[in-house]
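J.: Before anything else, here's the structure in question.
The values are calculated or read from the model by the stated rules, or taken from the named source; none is laboratory data. Since this is a predicted model, take the numbers as computed values, not measurements. Heads up, the Cβs are rebuilt from the backbone with ideal geometry, glycines too, and the neighbour counts pull from every protein chain shown. Note: areas computed on protein heavy atoms with side chains; ligands, DNA, RNA excluded. Shrake-Rupley method; radii C 1.70, N 1.55, O 1.52, S 1.80 Å.
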Amino acid sequence: MVLLLLIPVGLITAFGLAGYGFGGLGRVGVRGAGREMWLRCLGSLLGAGAVAVYTWGLLLLAGAVLEAEDGGTDSAPLRPCRTPGQWERALHVIDYDVDYVPLRFVCETTGGGSFAADAVPGYVNPVVVGFALGAVVCAGVAAVTGEMSQRRVGSREKPGA
């Protein structure tokens, strides 16, 4: 249930962040944007990329959950847990779980073991982390740059007042 709520929230957030990033540059113009504006917009676009890739992984994960919940012919062992060349491992699968951080479909086996299925491509989690770290760094540098420029403006106004 949480999975189905996160997908539209992710889409709305990604489009909102992208709109903020492109809108900020569109408002002041590409040439008129200062360093702080560029960093804020870049951070917003990187954040949008991180949320979009994470939402893509959620969508793939939702497909795997739907496939796992589908009963009937050819439903055992769970289809997302079938890895080519490792059929023996799939025969011992008794249940599944979904991890949201890192994003993955976990197949639980008899005896308490588990393994991650290939439902979410291997590039999703590293790309999300890279984009998110880039967004945080850009936002942090933009905040520091804005604070420094306000201090400079404030120090120029005090002596002449």
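J.: Within the chain, which DSSP H helices have Cα atoms that stretch 15 Å or more along the helix axis and a mean Kyte-Doolittle hydropathy of at least 1.0? Mind showing how you got there, number by number?
T.: Details: long enough: 2-28 (39 Å, 1.72); 35-69 (50 Å, 1.03); 124-160 (55 Å, 0.50).
Qualifying helices, which must be both long enough and hydrophobic enough, are 2-28, 35-69.
J.: Here's another thing I want to ask about it. Which label belongs to the value computed from this structure, given these candidates for Rg/Rh (Cα atoms, Kirkwood Rh): (1) 1.22; (2) 1.03; (3) 1.15?
T.: From the options (1) 1.22; (2) 1.03; (3) 1.15, the structure gives (1).
J.: Just to confirm a number: summing +1 for Lys and Arg and -1 for Asp and Glu over residues other than Ser114 whose beta-carbon lies under 11 angstrom from that of Ser114, what do you get?
T.: Neighbourhood net charge equals -2.
J.: How large is ³J(HN,Hα), in whole Hz, for each residue of the stretch 103-110 in order, when computed from phi with the Karplus curve 6.51 cos²θ - 1.76 cosθ + 1.60 and θ = phi - 60°, using x for Gly and Pro?
T.: 6, 6, 9, 9, 9, 9, 10, 4
J.: If we count every other residue with Cβ under 15 angstrom of Arg27's Cβ, Lys/Arg +1 and Asp/Glu -1, where does the sum land? Let's see the in-between values first.
T.: Values: positive: Arg31, Arg40; negative: Glu36.
Result for the local shell: +1.
J.: Find the cysteines in the chain that fail to meet the 4.7 Å Cβ criterion with every other cysteine, and list them.
T.: Cysteines of the chain left without a disulfide-compatible partner: Cys41, Cys138.
J.: Then there is this: How would Met148, Met37 line up by accessible area, probe 1.4 Å, largest first?
T.: Details: Met148 100, Met37 30 Å².
Ranked list, largest accessible area first: Met148, Met37.
J.: Let me ask something else. At 1.4 Å probe size, with every protein chain present, just tell me what the per residue accessible area of the chain comes to in Å². Mind dumping the intermediate values first?
T.: On the way: 9910 Å² over 161 residues.
Ligands and nucleic acids excluded, the figure is 62 Å² per residue.
J.: Something else about it: Computing the accessible area with a 1.4 Å probe over protein heavy atoms, can you report the carbon and sulfur percentage for the chain? Show your work: numbers first, answer last.
T.: Working: 6480 of 9910 Å².
Whole-percent figure for carbon plus sulfur exposure: 65.
J.: A further question follows. With a 1.4 Å probe and all protein chains in place, put Arg31, Arg151 in order of accessible area, largest first. It would help to have the intermediate numbers written out before the result.
T.: On the way: Arg31 235, Arg151 165 Å².
Putting Arg31, Arg151 in descending order of accessible area: Arg31, Arg151.
J.: What is the sum of charges around Cys138, taking Lys and Arg as +1, Asp and Glu as -1, for the other residues whose C-beta is under 12 Å from the C-beta of Cys138? Intermediate results must be reported in sequence, preceding the final value.
T.: Details: positive: Arg35, Arg40; negative: Glu36.
Charge balance near Cys138 sits at +1.
J.: Leaving ligands and nucleic acids out of the surface, order Asp70, Asp99, Asp118 by accessible area at 1.4 Å, largest first. Let's see the in-between values first.
T.: Numbers: Asp70 75, Asp99 40, Asp118 120 Å².
Descending order: Asp118, Asp70, Asp99.
J.: For Tyr96, what residues show an amide H to amide H distance below 5 Å, using hydrogens built from the backbone and excluding near sequence neighbours?
T.: Amide H neighbours of Tyr96: Glu108.
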